[in-house]
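Here the structure is laid out as structure tokens; the discussion comes afterwards.
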Amino acid sequence: MTILYGIKNCDSVKKAKKWLEQENINYQFHDFREDGLSIELLQQFINDADLTQLLNKRSTSFRNLPEDIKNNLTDETVIEAILSQPTLVKRPLLKHNNTLLIGFKDTQYQQALT
């Protein structure tokens, strides 16, 4: 099972979807805005990757966080922030079998999926 996580209007997600479709790879799309992000799903991501890898510090959502949160990035504050604003997650996330890929790089997708 291959699942692509992200938000539909994200450019990187669009590139990943296009690549998957061109390679005829079946996948399910999970939109964080429409389908949500539960603590259980976030915990699965954390189990597969370091929490700091999942946090998109270059996003507008991150830049708009209060300074006290940005200056106090503990696991607890990051988890709370991501659950309240799933757009803080780096996108896309691609879960394929037991592998989690963060971001989109066609060479990385090629290695993992073909």
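No value in this document is a laboratory result; all are computed from the given coordinates. Note that this is a predicted model, so its numbers are computed, not measured. Ideal geometry is used to build each Cβ from the backbone, glycine not excepted, and the neighbour counts take in all protein chains shown.
What does the extension gain come out to for residue 76 and residue 14, with contour length at 0.36 nm per residue minus their alpha carbon separation?
Fully extending the segment from residue 76 to residue 14 adds 19.3 nm.
For 114, 99, 87, what ranking results if the residue with the fewest other Cβ atoms within 10 Å of its Cβ goes first?
So the residues, fewest neighbours to most, are 114, 99, 87.
What percent does the relative contact order of the chain come to when contacts are Cα pairs within less than 8 Å and at least six residues apart?
Relative CO of the chain lands at 37 percent.
Pick the calculated P(r) over Cα pairs in 10 Å bins from 0, in percent for this structure from (1) 14, 51, 32, 3; (2) 13, 48, 30, 8, 1; (3) 13, 35, 20, 9, 8, 7, 5, 2, 1?
(2)
Quickly rank 20-27, 53-60 as a protection proxy: mean count of other C-beta atoms within 10 Å, highest first.
Ranked from most to least packed, the peptides come out as 53-60, 20-27.
Return the distance in nm (one decimal) between the two label points of a simple spin-label model at residue 96 and residue 22, each offset 7 Å from Cα along Cα→Cβ.
1.5 nm
Would you calculate, for the chain, the mean residue ellipticity at 222 nm contributed by helices, counting each DSSP H stretch of 4 or more residues as -39,500 (n - 2.57) and dividing by all residues, to the nearest 500? Don't jump to the answer; show the numbers that get you there.
Numbers: 8 runs with 56 residues, N = 114.
The per-residue figure over the chain is -12500 deg cm²/dmol.
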